[in-house]
Amino acid sequence: MPENSFLYFAYGSNMLSGRLRERCPSARPFGVAKLPDHELRWHKRSKDNSGKCDVVACQGKRVIGVLYRIEDSDKAELDRAEGLGHGYEEIEAHVLHDGNKVIAKAYQATATDESLTPYGWYKALVIAGAQENCLPLDYVEQLKLVISTDDPDRTRHDRESRLIEEVSQ
């Protein structure tokens, strides 16, 4: 891996390359990876009072996501966008990529609420990122089953949904 860069394991809306590149212009996909013995949850308490993705240790389960190579110069912006210190902490994710163990940076929620559900636009971003990166069909189907709610802030809904429209064009 080039100096001055790191691997980042995206498992939520940052799987969608357009969303991540808005935050980190240097981000380049490295491939699909699996985080063993973890489960994807949608319980991270967000500033907008909805649920965002999180990874939780869970024996025998796995989270599938996307590895990105990102230049160190974009790290502060990624930390800001992910809410480092304000709902997420940085972790070392020991993922499997092409059968090899790889250590990547990831974020794990520190503020959770099991009663939360994601807004529809957020769920759609996660699904679009999974589809864009060719995650297994059965995994994408599991994502589609997650219950979501409408965002009462239509301006935010429209702003966030534009990335999905760009991908589908």
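All of the numbers you see were taken from the coordinates with simple rules; none came from a lab. The model shown is predicted, which means the values in this text are computed figures rather than measured ones. Note: ideal-geometry Cβ built from the backbone for every residue, glycine included; neighbour counts use all protein chains shown.
In the chain, excluding the sites themselves, the longest stretch lacking any of the GluC sites (Glu not before Pro) that are in a DSSP loop with at most 12 other Cβ atoms within 10 Å is 4-113. Applying 1/(1 + (r/R0)^6) with R0 = 22 Å to the Cβ-Cβ distance of Asp113 and Glu39 gives a FRET efficiency near 0.85.
Ranked from largest, the principal axis spans of the Cα set of the stretch 5-168 equal 43, 35, 33 Å.
Length gained on full extension, Thr149 to His86, computed as 0.36 nm times the residue gap minus the Cα-Cα distance: 20.3 nm. Think of each Lys and Arg Cβ as +1 and each Asp and Glu Cβ as -1; about the Cα centre, that makes the dipole of the chain roughly 120 debye.
Between the listed residues Pro136, Ala81, Gly18, the Cα displaced farthest toward the positive end of the dipole of the chain, a dipole computed from Cβ unit charges relative to the Cα centre, is found at Pro136. Charge tally around Ile127: other residues with Cβ under 12 Å, Lys/Arg +1 each, Asp/Glu -1 each, net 0. Sparsely packed loop sites in the stretch 72-161 (the trypsin sites (Lys or Arg not before Pro) outside DSSP H, G, I, E and B with at most 11 other Cβ atoms within 10 Å) do not occur.
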